[in-house]
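Engineer: Okay, here's the structure, questions in a sec.
Taken together, the values in this text are just the output of simple stated rules run on the coordinates, not laboratory data. Values in this document were obtained by computation on a predicted structure and should not be read as measured data. No Cβ is skipped: glycine too gets one built from the backbone with ideal geometry, and neighbour counts run over all protein chains shown.
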């Protein structure tokens, strides 16, 4: 029988050597968790790793846990709308029970999708259906690939181990801050969809769902833009947070939705070495230390708003990631090695439903987002070609003045100088200034000559929730409809979206089984 062992080692110590010298009776081990503690490194304190190990001694074996699934004999074929993490993991779970769903995805397969996105960044050629948010893999295909989640779920290990099964690095199963990177995600997604198809899942890409079919407030199927209809008693709605046309369909069908708070702000980019130095001090070049991260937050008491970093991308890039031809949105991504010369993070301000935008339409949050995005595009079109991103040095933003010149940066679409105080609403710009001042006290040097703002960051989360029953996970107004993942308001990243997809698949499985 294996046992657990907890260790704390400074980064100058080798785990294997330490075990050999201090625990010579251990013949093998598996890492269950690994967490870096670099607090105080910028003040000379040596960083350390905290480990939880599963160890065995002579005559012992590792514990083996194999999850078993009972195959269900059924002709029922649920429909999954969206091939992002929520939709794909719902499909994986269905397959394990012998259920063969349909997956309907408006965008293209990943290889075709990457080519189209590259042309958008380079030449401004935009595709409404295939872009950074729409297509095989969803928005996660062009993200930092962070697998961190605050959700407490027994499915977390399942998600991580499943990703490892499809080729992810083994360490994501035990690291406290697991990270894949966009380049790794793309290869994984192709393997997942190939696996699903080999097990009877029918995947329709380049197929935008134009309508959800109901009879007496009960789902009967979906209709694709070309007029094709697919019928099913169970529809999983996993469309992501940017499929505003689906929200409009739901509103027309009187599906219960409610507005919620979200966040809007900017991306902040520093040279990677600068952030490494701020976080690690004299240890900045230590080979065991990954590119430095940070997480900063401040509650502004005067306005009762949060100002916080979001989706921090060490050694990454700032990308144009809008879903409308006349709108600009920024997001961040990193590859697996996080070795770009820059590091970036969103810094966003809470936007309050019913206070910061009108309250008479459930889609008002979308309108708030789009107004900022359209203004950014209009500025880009008038100043440059329409693909470049409005940008400003942080120090100039704090002084309300346009930057006379901009540093070299990571954005493949290019940038142009603009005073971002005039782009985002005043309560956002003033809150950002308050936050930046506080963050510079938390992390001295955060406000630097090289810190660059790129805007707008508007798609942090869905501005509404598609209401569902807490137990059945079914729409509270329309039976057979299962709102799922980030776009429905029930997830906030790759891992939590995947978990939500699994949970919904389990609920539908029980309905099919009975």
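Engineer: Using just the helices of the chain, give the 222 nm mean residue ellipticity in deg cm²/dmol: DSSP H runs with n ≥ 4 each add -39,500 (n - 2.57), and the total is spread over all residues, rounded to 500.
Structural biologist: Rounded to the nearest 500, it is -8500 deg cm²/dmol.
Engineer: Let me ask something additional. Averaging over every viewing direction, what projected area does the convex hull of the Cα atoms of the range 3-57 cover, in nm²?
Structural biologist: Values: hull surface 14.7 nm².
So the Cα hull casts an average projection of 3.7 nm².
Engineer: Can you list, bin by bin at 10 Å, the percent of alpha carbon pairs in the range 256-343, starting at 0?
Structural biologist: Taking all Cα pairs of the range 256-343, the binned fractions are 15, 36, 30, 15, 4, 0 percent.
Engineer: Expected output is a single nm value to one decimal: the length gained when fully extending between residue 256 and residue 339, i.e. 0.36 nm times separation in residues minus the C-alpha distance. What is it?
Structural biologist: Answer, rounded to one decimal: 25.4 nm.
Engineer: Based only on other Cβ atoms within 10 Å, what is the fewest-to-most ordering of 499, 156?
Structural biologist: In increasing order of surrounding Cβ atoms, one gets 156, 499.
Engineer: Contour minus end-to-end for residue 361 and residue 202, with contour as 0.36 nm per residue of separation and end-to-end as the Cα-Cα distance?
Structural biologist: Details: separation 159, 0.36 × 159 = 57.24 nm, distance 3.64 nm.
Result: 53.6 nm gained on full extension.
Engineer: At a 10 angstrom cut-off on C-beta neighbours, averaged per residue, how do the peptides 333-343, 251-261, 443-453 rank from highest to lowest?
Structural biologist: 333-343, 443-453, 251-261
Engineer: Residue separation times 0.36 nm, minus the C-alpha to C-alpha distance between residue 470 and residue 404: what's the value? The partial results should precede the final answer.
Structural biologist: Values: separation 66, 0.36 × 66 = 23.76 nm, distance 5.31 nm.
Going from the current span to full extension adds 18.4 nm.
Engineer: Here's something else I'd like to know. Label 7 Å along Cα→Cβ of residue 15; the range 46-76 residues with amide nitrogen under 11 Å?
Structural biologist: In the range 46-76, the label zone of residue 15 (backbone N under 11 Å from the point 7 Å along Cα→Cβ) covers 49-54.
Engineer: Tell me whether the range 304-421 comes out rounded, prolate or oblate; compute the Cα gyration tensor, take square roots of the eigenvalues as a ≥ b ≥ c, and use a/c under 1.5 as the rounded threshold.
Structural biologist: It comes out prolate by the Cα gyration axes.
Engineer: Decide, for the range 409-464, between rounded, prolate and oblate: order the square roots of the alpha carbon gyration tensor eigenvalues as a ≥ b ≥ c, take rounded if a/c falls under 1.5, and otherwise choose prolate if a/b is larger than b/c, else oblate. Before the final figure, lay out the partial values.
Structural biologist: Values: a/c = 1.59, a/b = 1.12, b/c = 1.42.
Note, shape of the range 409-464 comes out oblate.
Engineer: Where the centroid of each part is defined by its Cα atoms, how far is the range 254-268 from the range 346-370 in Å?
Structural biologist: So the separation of the two Cα centres works out to 6 Å.
Engineer: Rounded, prolate or oblate, given the Cα gyration tensor of the range 173-272, with a/c below 1.5 counting as rounded?
Structural biologist: Taking the square roots of the gyration eigenvalues as a ≥ b ≥ c, the range 173-272 is oblate.
Engineer: For the modelled label position 7 Å from the Cα of residue 422 along Cα-to-Cβ, which residues of the range 342-378 have backbone nitrogen atoms closer than 15 Å?
Structural biologist: Counting backbone N atoms under 15 Å from the label point, the list is 375-378.
Engineer: Normalising by the residue count of the chain, find the relative contact order in percent from Cα pairs under 8 Å and 6+ residues apart.
Structural biologist: Dividing the mean separation by the residue count of the chain yields 18 percent.
Engineer: Then there's this: For the range 375-451 and the range 1-46, what is the centre-to-centre distance using only Cα atoms, to the nearest Å?
Structural biologist: Computed from Cα coordinates, the inter-centre distance equals 42 Å.
Engineer: Take residue 231 and residue 46, extend 7 Å from each Cα along the Cα→Cβ direction, and tell me the distance between the two endpoints in nm.
Structural biologist: The two pseudo-label positions are separated by 7.1 nm.
Engineer: Here's a follow-up. Find the centroid of the Cα atoms in the range 459-499 and in the range 59-134, then give the distance between the two in whole Å.
Structural biologist: 17 Å
Engineer: What ranking, highest mean first, results for peptides 301-310, 16-25 when packing means the other Cβ atoms within 10 Å averaged over each residue?
Structural biologist: 301-310, 16-25
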